[in-house]
Amino acid sequence: QVQLVESGGGLVQAGGSLRLSCAVSGSISSINTMGWYRQAPGKQRELVAAIGRMGSPSYADTVQGRFTISRDNAQNTMYLQINSLKSEDTAVYSCNAILAIVYGSPYYDYWGQGTQVTVSS
């Protein structure tokens, strides 16, 4: 059974930093694109950063220059370094992975349960 588990969230003051992790476990053949999403209260979930299998990153305009996404393919783990945190970054951050569990099988979306990031001003 595939599981995605996020960690690293918490309460931090504005201007501070956090590093989120997303560990993928279970029987996995291949992980394609991975991404970090966030959902603030009363708002739609948004993609903040994504990274391809070969490490090519992309970012939402709102986080460009402050967030850095990375991944360790050997450990099936993805990271999100968040710097210069702002109050508007407060949200539940969830990781997503597009992966195949068996060689040659289709790729499907898998999600973690999320980790809360709260920024105090």
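The values are calculated or read from the model by the stated rules, or taken from the named source; none is laboratory data. Just so you know, these numbers come straight off a predicted model, no measurement behind them. All Cβ positions, even for glycine, are placed from backbone atoms using ideal geometry, and neighbour counts span all protein chains on display. We work out accessible area using only protein heavy atoms, side chains counted, and drop any ligands, DNA or RNA first. Shrake-Rupley method; radii C 1.70, N 1.55, O 1.52, S 1.80 Å.
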Next on the checklist: Any residue at all in region 16-23 that's open to solvent by less than 60 Å² (accessible area, probe 1.4 Å), without any contact (Cβ under 8 Å) to a residue 60 or more places away in the chain and within 17 Å of Thr115 (Cα to Cα)?
Outcome noted: yes
Item to check | Of all residues in region 53-96 being of a type in the set (S, T, N, Q) and under 17 Å from Gln39 (Cα atoms), the one that is surrounded by the fewest Cβ atoms within 10 Å (Cβ to Cβ) | outcome: Ser87
Checklist outcome for this item: Inside region 24-41, the number of residues satisfying the requirement of being open to solvent by less than 30 Å² (accessible area, probe 1.4 Å) and part of a loop (DSSP other than H, G, I, E, B) is 1
Next on the checklist: Considering only residues that are touching a Ser or Thr at 6+ places or on another chain (Cβ under 8 Å) and either free of Cβ contacts under 8 Å to residues at least 12 places away in the same chain or open to solvent by 80 Å² or more (accessible area, probe 1.4 Å) (or both), which ones fall in region 42-52?
Outcome noted: Arg45
Checklist entry - In this structure, does Val12 turn out to be of a type outside the set (Ser, Thr, Tyr), within 23 Å of Ser121 (Cα to Cα) and within 10 Å of the chain's Cα centre (by Cα)? => result no
Checklist outcome for this item: In the set Arg45, Arg38, the lone residue that is at pLDDT 95 or above, in contact with an Asp or Glu (Cβ under 8 Å, 6 or more places away or on another chain) and of a type in the set (Lys, Arg) is Arg38
Checklist entry - Pick from region 97-111 the residues that are in a strand (DSSP E or B) and of a type outside the set (Phe, Trp, Tyr): which of them is surrounded by the fewest Cβ atoms within 10 Å (Cβ to Cβ)? => result Asp109
Checklist entry - Restricting region 112-121 to residues that are modelled with pLDDT of 95 or more and in contact with a helix residue (DSSP H, G or I) (Cβ under 8 Å, 6 or more places away or on another chain), which is most open to solvent (accessible area, probe 1.4 Å)? => result Ser120
Next on the checklist: Can you list residue pairs whose Cβ atoms sit under 6 Å apart, with the first residue in region 55-81 being on the phi < 0 side of the Ramachandran plot and the second being at pLDDT 95 or above and not in a strand (DSSP E or B)? Count only pairs 6 or more apart in sequence or on different chains.
Outcome noted: Arg66/Asn83; Arg66/Ser84
